[in-house]
1. Residues that are among the charged types (D, E, K, R), over 19 Å from residue 63 (Cβ atoms) and modelled with pLDDT under 80: does region 156-169 have at least one?
2. Please verify whether region 143-154 includes one or more residues that are more than 27 Å from the chain's Cα centre (by Cα), under 17 Å from residue 77 (Cα atoms) and not in a helix (DSSP H, G or I).
3. What helices (runs of 4 or more DSSP H) completely inside region 34-138 contain at least 2 residues that are of a type outside the set (Val, Ile, Thr) and in contact with a Leu (Cβ under 8 Å, 6 or more places away or on another chain)?
4. Has region 36-56 got at least one residue that is free of Cβ contacts under 8 Å to residues at least 12 places away in the same chain, basic (Lys, Arg), surrounded by fewer than 18 Cβ atoms within 10 Å (Cβ to Cβ) and closer than 29 Å to residue 185 by Cβ?
5. Tell me, yes or no, whether region 13-24 has at least one residue that is aromatic (Phe, Trp, Tyr), at pLDDT below 85 and surrounded by fewer than 20 Cβ atoms within 10 Å (Cβ to Cβ).
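The values are calculated or read from the model by the stated rules, or taken from the named source; none is laboratory data. What you see is a predicted model, and the numbers here were worked out from it, not measured in a lab. FYI the Cβ positions are ideal-geometry reconstructions off the backbone, even for glycines, and counts take in every protein chain you see.
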Amino acid sequence: MLVLGTLVLSRSGYGVMYLDQAQAFLTFYAGVFSLVALSITVMLGLLATERIVLGIRQRVYAQLVHRAFALVGVGFLIVHIAMKIAAGLVPSYGSVVPSTNLYVGMGAVASDLFIMVIATGVMRGRFAQAERPWLWRGIHDMAYAAWPLSILHGLAAGRTPAAWVSWSYVLCLLAVGAALMLRVVVSARPVRVSQPAAKPTGKAAPLDADNWLKDIKRGLNTVKPRSADMDTEPVPEVPSQTERPKLRRVV
């Protein structure tokens with residue numbers, strides 16, 4: 001749809017003018033939008049792991065927004081690279097391999113790392129199925145190296161940034177710094193291991209029916225049956241109540 005709309009606009013004079021203005025706007029500001037979106041991505045990635053302020057549901061929402069901003073940031077990053085190549089400011093290979101000055105090379109390295117991080121984030125389930133979460137974590141943590149490189153690239157490469165652009169970078173630094181400090185505080189807290197509740201002393205323990213039946217069977221097996229030929233003790237005779245006792249005659 002985007003390509004079709006561009007072709008339609010290019011057939012009219014006003015359309016060409018609008019396309020030129022859009023190209024100029026994206027050439028100057030696509031990189032800024034990409035950096036802001038990726039900064040929010042890093043901040044939300046840090047916040048999604050803390051357990052002091054956010055609950056389970058809030059952390060899930062933070063992860064969803066984190067992924068959404070990551071896609072937005074990479075989208076603007078691709079537009080930023082395409083606009084710079086179209087304007088002839090960098091060669092086509094310069095977007096992947098550092099080839100010009102230092103700060104432009106930092107942008108190339110940062111873009112490579114960010115694209116790798118986003119790609120592995122999309123394939124997180126495959127890393128989990130392969131039982132290699134450590135590999136995914138190691139690649140995903142490259143965002144912490146790519147983000148400061150992108151900040152330096154945005155401030156020093158090319159033209160002098162406008163005041164609002166510099167302030168937006170400062171706000172990104174403060175936001176990510178605060179999220180990083182919160183992450184450090186959460187990681188430094190001792191883990192509380194919940195102890196099992198003690199059984200009340202005043203109440204009897206619950207009866208185990210299986211063990212109780214086994215004890216009964218074990219007791220029955222130890223009792224020897226009484227045989228018929230065993231000697232029995234004579235039962236003493238009880239005098240009948242109708243018989244009168246015999247009296248002795250005293251001489």
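1. Looking through region 156-169, at least one residue is among the charged types (D, E, K, R), over 19 Å from residue 63 (Cβ atoms) and modelled with pLDDT under 80.
2. Looking through region 143-154, none of the residues is more than 27 Å from the chain's Cα centre (by Cα), under 17 Å from residue 77 (Cα atoms) and not in a helix (DSSP H, G or I).
3. 56-86, 102-122
4. no
5. yes
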